[in-house]
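This report concerns only the one structure given below.
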Amino acid sequence: MSESRSRRPEVVSSEEWLVARKALLRKEKDITRARDLVRAERLELPMVKLEQEYHFRGPDGEMTLLDLFEGRQQLVVHHFMWIDRRDEGCPSCSMLVDTLGDVAHLHAANTSLAFVSRAPIEKLEAYRKRMGWSIPLYSSFGTDFNYDFQATVDRSRGAVQYNYRDVTALGGMWAEFVGDLPGESVFFRDGDEVFHSYSAYARGTEAVSNVFAFLDLTPLGRQEESGVQGWVRHRDRYDANEIVALQRAPERRVRA
């Protein structure tokens, strides 16, 4: 659902607002309970043992998928999208890295986090330097990793599955689309054996964005047009004048 940047809210008394807020709270609690049930089912998902050993390039050289665990039992991989036509990282994926805090809390829960991209390591390192990130990016360039885990669509590689369906059957832009798409994959380690436990794609990845979580609390929401955050830029490409214009656009005009 698209969200207007020029919402005109109805102004009510505190008592009337409280009635509306409690009605919404009941629905929010229903969603929380449903989310708890889904989370419990996710814990019970079976796993697939990986027979292929995947290799990556990082800032310090070659690594395996097992290495990315850094000795911990769980690994979450964010499939960092690379946009070929612009030869740079995806603005939304970059926003996620920008807003990532200290991962010590994940580590305390025996879990590692890695950002893996299809781009060559030289391009990733140049991009990481441009963005000023300390967190490493790992390259899966020249491997099957992105294709095996549905993070890249490319008919020439036989990779046409995304979000567990054949995208070429959708027609339209999907018939010819080649490139990366958002995704998260989760792996579990038992000794030196690695298992694939979960992957999520498309809107299934929204849970990892704290930007969305904060905006979902606001009257203007995510400020989407046709499901796209048109305001999202690389952080070094936000123009001050443009930001002022965007901030003026959703000015609230209250009506009594």
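The values are calculated or read from the model by the stated rules, or taken from the named source; none is laboratory data. Treat the numbers as computed from the prediction; the structure is a model and nothing was measured. Quick reminder, even Gly has a Cβ in these numbers, built from the backbone with ideal geometry, and neighbours come from all protein chains shown. In case anyone asks, the SASA skips ligands and DNA or RNA and just uses the protein heavy atoms, side chains included. Shrake-Rupley method; radii C 1.70, N 1.55, O 1.52, S 1.80 Å.
Out of all the residues in the range 127-143, is one or more farther than 20 Å from D98 by Cα, in a loop (DSSP other than H, G, I, E, B) and among the β-branched types (V, I, T)?
The initial filter retains those residues of the range 127-143 that are farther than 20 Å from D98 by Cα, namely 140-143.
Then keep just the ones that are in a loop (DSSP other than H, G, I, E, B); that gives 140-143.
Now restrict to residues that are among the β-branched types (V, I, T): 143.
Checking the range 127-143: at least one residue is farther than 20 Å from D98 by Cα, in a loop (DSSP other than H, G, I, E, B) and among the β-branched types (V, I, T).
Quick one: how many residues across the range 185-234 are out of contact with any Asp or Glu (no Cβ under 7 Å at 6 or more places or on another chain) and assigned to a loop (DSSP other than H, G, I, E, B)? Lay out the reasoning, then the answer.
In the first step, residues of the range 185-234 are kept if they are out of contact with any Asp or Glu (no Cβ under 7 Å at 6 or more places or on another chain); the result is 185-198, 201-204, 206-207, 209-211, 213-219, 225-234.
So of that shortlist, the ones also assigned to a loop (DSSP other than H, G, I, E, B) come out as 191-192, 209, 216-219, 226-227, 229-234.
Selection size over the range 185-234: 15.
Take R57 and decide whether it is more than 20 Å from the chain's Cα centre (by Cα), of a type in the set (D, E, K, R) and crowded, with 17+ Cβ neighbours inside 10 Å. Lay out the reasoning, then the answer.
Details: more than 20 Å from the chain's Cα centre (by Cα): yes; of a type in the set (D, E, K, R): yes; crowded, with 17+ Cβ neighbours inside 10 Å: yes.
Spelling it out, R57 is indeed more than 20 Å from the chain's Cα centre (by Cα), of a type in the set (D, E, K, R) and crowded, with 17+ Cβ neighbours inside 10 Å.
Considering the range 183-211 alone, what residues qualify as being among the aliphatic types (A, V, I, L, M) and open to solvent by 20 Å² or more (accessible area, probe 1.4 Å)?
First, pick out the residues of the range 183-211 that are among the aliphatic types (A, V, I, L, M): 186, 194, 200, 202, 207-208, 211.
Result: V186, A202, A207, V208, V211.
Could you check Q73 against (1) closer than 24 Å to R189 by Cβ; (2) open to solvent by 60 Å² or more (accessible area, probe 1.4 Å); (3) in contact (Cβ under 8 Å) with a residue 12 or more places away in the chain; (4) under 19 Å from the mean Cα position of the chain (by Cα) and say which number it fails?
Every condition holds for Q73 apart from (4).
Among the residues of the range 142-182, write down those that are farther than 19 Å from G89 by Cβ, surrounded by 14 or more Cβ atoms within 10 Å (Cβ to Cβ) and among the hydrophobic types (A, V, I, L, M, F, W, C).
Scanning the range 142-182 gives A159, V160, V167, W174.
Take the residues of the range 7-30 that are modelled with pLDDT under 95 and of a type in the set (D, E, K, R): which is nearest to R222 (Cα to Cα)?
That would be R7.
Which residues, taken from the range 186-195, are under 20 Å from M81 (Cβ atoms) and touching a helix residue (DSSP H, G or I) at 6+ places or on another chain (Cβ under 9 Å)? Give the derivation first.
Taking the range 186-195 as the starting set, the residues that turn out to be under 20 Å from M81 (Cβ atoms) are 186-187.
If the condition is that a residue be under 20 Å from M81 (Cβ atoms) and touching a helix residue (DSSP H, G or I) at 6+ places or on another chain (Cβ under 9 Å), then F187 is the only one that fits.
Among what's in the range 95-129 and is at pLDDT 95 or above and of a type in the set (S, T, N, Q), pick the residue that is most open to solvent (accessible area, probe 1.4 Å).
N110
Considering only the range 44-51, I want to know if a residue exists there that is open to solvent by less than 20 Å² (accessible area, probe 1.4 Å) and of a type outside the set (D, E). Outline the logic, then answer.
Going residue by residue through the range 44-51, those that are open to solvent by less than 20 Å² (accessible area, probe 1.4 Å) are none.
There is no residue in the range 44-51 that is open to solvent by less than 20 Å² (accessible area, probe 1.4 Å) and of a type outside the set (D, E).
Modelled with pLDDT of 95 or more and surrounded by 10 or more Cβ atoms within 10 Å (Cβ to Cβ), is that true of A34?
Values: modelled with pLDDT of 95 or more: yes; surrounded by 10 or more Cβ atoms within 10 Å (Cβ to Cβ): yes.
In short, yes.
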